[in-house]
Amino acid sequence: MPHETAPDPAAPHGEPAREGAPAHAAPPGAPAEGPYDLLGVGLGPFNLSLAALADGVPGLRALFLDTRPRFSWHPGLLLEGTVLQVPFLADLVTMADPTSPWSYLNYLRAHDRMFPFFFSERFHIPRREYDHYCRWVAERLPSCRFDARVTSLAWDGAGGVFRVTHRSAAGRSAEVTARQVVLGVGTEPVLPHALRIPPGGDGAERIVHSAAYRAHRSRLAAAGDVTVVGAGQSGAEVVLDLLRRRSGDGEAGGPFVRWLARTPAFAPMEYSKIGLEHFTPDYIRYFRALPEPVRDRLVREQWQLHKGVSEETLADIHDELYEHTIGGAAPRASLHPGVEVTGAERAPGGLRLRCHHVQQDRPFTLRTSAVVAATGYAARRPPFLGPLEPLVDRDERGRYRIDGDYRVALDPAVTGALYVQNAELHTHGVGAPDLTLGAWRAATILNAVAGRTVRPVPDQVAWTVFGTPDGP
């Protein structure tokens, strides 16, 4: 970590920041007994945003727990040259409180990077730097505690509190209580059933989810043939990284890269200024009022709003292919839209994929050395919710029922509140996993938790009128 010369915004009396300071074992000043007002489970960017906005709020005691030893954001895809798909203003706090000491700009100041950032004229920052920024915040917020795996979340009706048990990697167990809990456990990688191979041999080891790509990067680069499944940003970045492999003399090297997509095209992310208004409180309010079948259909149809590829990445892939074919050389890649993988099995030296071309309605097979499954993520049901499950109200598909303040519907006997972050795609729309709305959502939850307006949030910001207009 670079030397920091600015005061630590979390330190009293402007004391210098401690280089590499670990997360606090317990929040200074927290009560030895008695419930917390707010307890967060999980410390990804969304709950970290809530922790940052809650920092220093008078009369609010908060604690955030995370299993990992330290903050880490998508480590398997922190590749050189990759950038966030949202502007730097969509940091942990700025869209809700631009005066917060936990902003990305203050992070730059603390690391003497303000001038280099200014001269770089960046609007979209490197992913590796976003990860470092979040870690800088997490290591300094007194409410954040790592190495604390939550093992049980239960409601104590007699005490009117949630009882939360957590355990360290060394096996030390502890219990805390809280009046309100926020789940920020994130999503988990999804491997489609068609790509699941039973253990035995090396078949299963030849299929890697893109979330773990960086750990297998060298092995995949040495393979003869790699097939990437999935047409989103992660799949595109894996394709580009493999295409950029070079031999020792600088000539094109690396594997032959095949890119399969179920979508009808390798399409760019919708990034028009008006199109981005789908990531506003206005659209959330409109979306929430729609019937559930309509909401489910819209989420599928709006895939380019949250599952497309940046135009820059698509252009870079095209440039790599152009460079490879100078002088008449055969391209080291092939791109196949409209293809669904229906099965996978072991084959000599690799895998055999059973595929189906959707528009031609025609089956075919492919041989490949390895597969990178850029097949996305899904909300997970954490096992620690077991004691609380009988009190959680879910819809017919097993999803949370969530109100406008991101509060989960619970049995009326529960007087405490349970909130969720990034588990509301079905109720709030395509902005759920997007960093753009992270600080706004965190502020909305914080205001509900506090029972007052702590961080003012706008309700209407879009020029687009979603739904039937009012008036003549």
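Among what's in region 379-407 and is more than 18 Å from residue 179 (Cβ to Cβ) and assigned to a strand (DSSP E or B), pick the residue that is most open to solvent (accessible area, probe 1.4 Å).
My answer is 379.
Please work out which residue is least open to solvent (accessible area, probe 1.4 Å), limiting yourself to region 61-75 and to residues that are assigned to a loop (DSSP other than H, G, I, E, B) and in contact with a helix residue (DSSP H, G or I) (Cβ under 6 Å, 6 or more places away or on another chain).
Step by step, filter region 61-75, then rank; the result is 71.
Just name the residue that is most open to solvent (accessible area, probe 1.4 Å) out of those in region 188-228 that are at pLDDT below 90 and farther than 17 Å from residue 349 by Cβ.
My answer is 199.
Out of the residues in region 377-401 meeting the condition of being among the aliphatic types (A, V, I, L, M) and at pLDDT 95 or above, tell me which one is farthest from residue 229 (Cα to Cα).
It comes out as 391.
For region 269-376, please list each of the helices (runs of 4 or more DSSP H) lying entirely inside it that holds at least 1 residues being more than 27 Å from the chain's Cα centre (by Cα) and at pLDDT below 95.
311-324
Of the conditions (1) closer than 22 Å to residue 125 by Cα; (2) modelled with pLDDT of 95 or more; (3) aromatic (Phe, Trp, Tyr), residue 73 satisfies every one except a single condition; which number is it?
The single condition residue 73 does not satisfy is (2).
Output the qualifying pairs, or none if there are none: Cβ atoms under 7 angstrom, residues six or more apart or on different chains, first residue in region 147-171 and touching a residue at least 40 places away in the same chain (Cβ under 8 Å), second residue assigned to a loop (DSSP other than H, G, I, E, B) and of a type in the set (Lys, Arg).
Cβ pairs passing all conditions: 161/179.
Looking only at region 391-398, decide whether some residue is out of contact with any Ser or Thr (no Cβ under 8 Å at 6 or more places or on another chain) and among the aliphatic types (A, V, I, L, M).
yes
Taking the residues in region 269-285 that are open to solvent by 70 Å² or more (accessible area, probe 1.4 Å) and not basic (Lys, Arg) as candidates, determine which candidate is farthest from residue 81 (Cα to Cα).
274
Can you tell me which of 122, 179, 135, 163 is of a type in the set (Lys, Arg) and either more than 22 Å from residue 54 (Cβ to Cβ) or open to solvent by less than 10 Å² (accessible area, probe 1.4 Å) (or both)?
Only one candidate qualifies: 122.
Tell me whether region 408-422 contains one or more residues that are part of a loop (DSSP other than H, G, I, E, B), in contact (Cβ under 8 Å) with a residue 60 or more places away in the chain and within 23 Å of the chain's Cα centre (by Cα).
Checked region 408-422: at least one residue is part of a loop (DSSP other than H, G, I, E, B), in contact (Cβ under 8 Å) with a residue 60 or more places away in the chain and within 23 Å of the chain's Cα centre (by Cα).
Can you name the residue in region 353-378 that is open to solvent by 70 Å² or more (accessible area, probe 1.4 Å) and touching a Ser or Thr at 6+ places or on another chain (Cβ under 6 Å) and is also farthest from residue 334 (Cα to Cα) among such residues?
Step by step, filter region 353-378, then rank; the result is 377.
Matching residues to (1) of a type in the set (Val, Ile, Thr); (2) farther than 21 Å from residue 300 by Cα; (3) out of contact with any helix residue (DSSP H, G or I) (no Cβ under 9 Å at 6 or more places or on another chain):
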| residue | (1), (2), (3) |
| --- | --- |
| 372 | yes, yes, no |
| 379 | no, no, no |
| 393 | no, yes, yes |
| 398 | no, no, yes |
| 408 | yes, yes, yes |
| 421 | no, no, no |
| 432 | no, no, no |
| 451 | no, yes, yes |
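Among the residues of region 423-453, how many are assigned to a loop (DSSP other than H, G, I, E, B), touching a strand residue (DSSP E or B) at 6+ places or on another chain (Cβ under 7 Å) and farther than 19 Å from residue 164 by Cβ?
1
Among the residues of region 86-110, count how many are open to solvent by 30 Å² or more (accessible area, probe 1.4 Å) and farther than 26 Å from residue 272 by Cβ.
5
Tell me which residues, restricted to region 433-442, are within 22 Å of residue 392 (Cβ to Cβ) and at pLDDT below 95.
433
The values are calculated or read from the model by the stated rules, or taken from the named source; none is laboratory data. Since the model is a prediction, treat every value here as computed from it, not as a measurement. Virtual Cβ from ideal backbone geometry, glycine too; neighbours counted across all protein chains shown. For accessibility, only protein heavy atoms count, side chains too; no ligands or nucleic acids. Shrake-Rupley method; radii C 1.70, N 1.55, O 1.52, S 1.80 Å.
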